[in-house]
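The values are calculated or read from the model by the stated rules, or taken from the named source; none is laboratory data. Nothing here was measured: the structure is a model prediction, and the numbers come from that model. As a convention, Cβ positions derive from the backbone with ideal geometry for all residues, glycine included, and neighbour counts pool all protein chains shown.
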Amino acid sequence: MNFEITGITVLGVFLFGYIIVASLDFGAGFFNAFSTITGKQHILTRVIQRYLSPVWEVTNVFLVFFFVGMVGFFPKTAYYYGSTLLVPASIATILLAIRGAYYAFTTYGGLKQRRYTILYGLTGVFIPASLSIVLVISEGGFVIMGKGGPSLDYWALFTSPLSWSIVLLSLTSVLYISAVFLTWYAQKAKDWGAAGLLRKYALGWAGPAIVTATGIIVEMRSHNPEHYERLVDLWWLFGLSVLFFAGTVFLLWKRIAYGFAFVCLMGQFICAFLAYGISHYPYLMYPYLTIYDSFTNEAMATALVIAFIAGLGLLVPSLYLLLKLFLFNKDYVQGKRDDHV
């Protein structure tokens, strides 16, 4: 068994799961705050709160699995990424704590102040931006190898067009994914006012999402030519991604099959995620770290693979029950039940 490939594949599954689930959560919080600012909370808040109530506590499970697995499978990542991500990761952790505390107090303590709702929504923008720094650093050119170990070159980071391209993609993708899903969710709830408004948000963020994704490929050509060439070789995956994107936009534009529109969106991001991951292989950080020179021993790898497969075996059925009992339960989604988990 090629444990290196197995390990990075397992981590990829959890990372993609977090990207999708967290995007829904972050975007929902942002749209809730935005509706409060624009005076449209009476249209969106009920639908968004019904979505957030069952899922906010399980979102970070994927992230925990990913980071534990990354250090477990590839111990050297702790050395290379530990000090370089100290500031961005600390910011993300604080924002996640604020987010969790807010929702706990809102759900169970009756905290309803407008300023806290806006703060909660803003964390949904800043968390993806801070976490996306990991992808920026992995492209190389931002880490200085000194006597004391690797350190982050903040000047290079903040002046690089590639950095801002990735940050902007993280923001636009979060809002686009969330808006498409919530449009479908509002339709299931038969809340036509919310569905119509969220549909407009989804169409509005579709363009920026595809433009920023294209911008990353353009910037990659000068920043990391090796990765760019690999991306070009996988043009067919990007072609499929664009077709899925067109399908999502078409269905939203025609106001039909919102559920299938979200399926197309998933296809779009799966293709793009695969293209990026395959083209990035075998590097974890250009040019210092690959999956082969940083892998753990075979016994540890076997134990981790078994543990993560078992974790998926528990997580997937749990998510299915969450969807069945709450998110897509007819009574709950239409507001006839107000259960909280």
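Brief remarks follow.
Here's the yes/no breakdown for (1) part of a helix (DSSP H, G or I); (2) in contact with a His (Cβ under 6 Å, 6 or more places away or on another chain); (3) touching a residue at least 24 places away in the same chain (Cβ under 8 Å); (4) not β-branched (Val, Ile, Thr):
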position: Ile166; (1), (2), (3), (4): yes, no, yes, no
position: Ser173; (1), (2), (3), (4): yes, no, yes, yes
position: Ile177; (1), (2), (3), (4): yes, no, yes, no
position: Thr183; (1), (2), (3), (4): yes, no, yes, no
position: Gln187; (1), (2), (3), (4): yes, no, yes, yes
position: Lys190; (1), (2), (3), (4): no, no, yes, yes
position: Gly196; (1), (2), (3), (4): yes, no, no, yes
position: Leu203; (1), (2), (3), (4): yes, no, yes, yes
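- Inspection of segment 84-103 finds no residue satisfying the criterion of being touching a helix residue (DSSP H, G or I) at 6+ places or on another chain (Cβ under 7 Å), assigned to a helix (DSSP H, G or I), within 24 Å of Tyr228 (Cα to Cα) and not aromatic (Phe, Trp, Tyr).
- For segment 37-52, a residue qualifies if it is part of a helix (DSSP H, G or I) and surrounded by fewer than 18 Cβ atoms within 10 Å (Cβ to Cβ), and the qualifying residues are Ile37, Thr38, Gln41, His42, Thr45, Arg46, Gln49.
- Of all residues in segment 245-266, none satisfies being of a type in the set (Ser, Thr, Tyr) and over 22 Å from Val47 (Cβ atoms).
- Answer from Phe34, Phe126 - the residue that is closer than 30 Å to Ala195 by Cβ, modelled with pLDDT of 85 or more, touching a Gly at 6+ places or on another chain (Cβ under 7 Å) and in a helix (DSSP H, G or I): Phe34
- Segment 246-292: number of residues that are hydroxyl-bearing (Ser, Thr, Tyr), at pLDDT below 95 and over 30 Å from Met70 (Cβ atoms): 1
- Matching residues, segment 9-27, being under 19 Å from Leu322 (Cα atoms) and touching a Gly at 6+ places or on another chain (Cβ under 8 Å): Phe14, Asp25, Phe26
- Just one residue in the set Lys112, Lys76 is at pLDDT 80 or above and of a type in the set (D, E, K, R); that residue is Lys76.
- Of all residues in segment 135-155, one or more are at pLDDT 85 or above, among the polar types (S, T, N, Q) and in contact with a helix residue (DSSP H, G or I) (Cβ under 8 Å, 6 or more places away or on another chain).
- Answer residue from segment 185-199, given it is within 18 Å of Ser23 (Cα to Cα) and surrounded by 24 or more Cβ atoms within 10 Å (Cβ to Cβ) and is modelled with the highest pLDDT among those: Leu198
- Condition check for Ile19: more than 17 Å from Leu119 (Cβ to Cβ) and either of a type in the set (Val, Ile, Thr) or without any contact (Cβ under 8 Å) to a residue 40 or more places away in the chain (or both): yes
- Residue match in segment 192-200 (condition: over 17 Å from Val136 (Cβ atoms) and under 21 Å from the mean Cα position of the chain (by Cα)): yes
- Residue match in segment 266-273 (condition: within 14 Å of Pro75 (Cα to Cα), among the aromatic types (Phe, Trp, Tyr) and either more than 23 Å from the chain's Cα centre (by Cα) or crowded, with 16+ Cβ neighbours inside 10 Å (or both)): no
- Checklist (1) buried (at least 16 other Cβ atoms within 10 Å of the Cβ); (2) touching a residue at least 60 places away in the same chain (Cβ under 8 Å); (3) more than 20 Å from Ile216 (Cβ to Cβ) applied to Ala92, failing item: (2)
- Checking Val71 against (1) part of a helix (DSSP H, G or I); (2) over 17 Å from Leu284 (Cβ atoms); (3) free of Cβ contacts under 8 Å to residues at least 24 places away in the same chain; (4) in contact with a Ser or Thr (Cβ under 8 Å, 6 or more places away or on another chain), the condition it does not meet: (2)
Okay, residues lined up against (1) of a type in the set (Lys, Arg); (2) crowded, with 19+ Cβ neighbours inside 10 Å:
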| site | (1), (2) |
| --- | --- |
| Val232 | no, no |
| Gly247 | no, no |
| Lys254 | yes, no |
| Cys264 | no, yes |
| Ile278 | no, no |
| Tyr288 | no, no |
| Leu304 | no, yes |
| Gly313 | no, no |
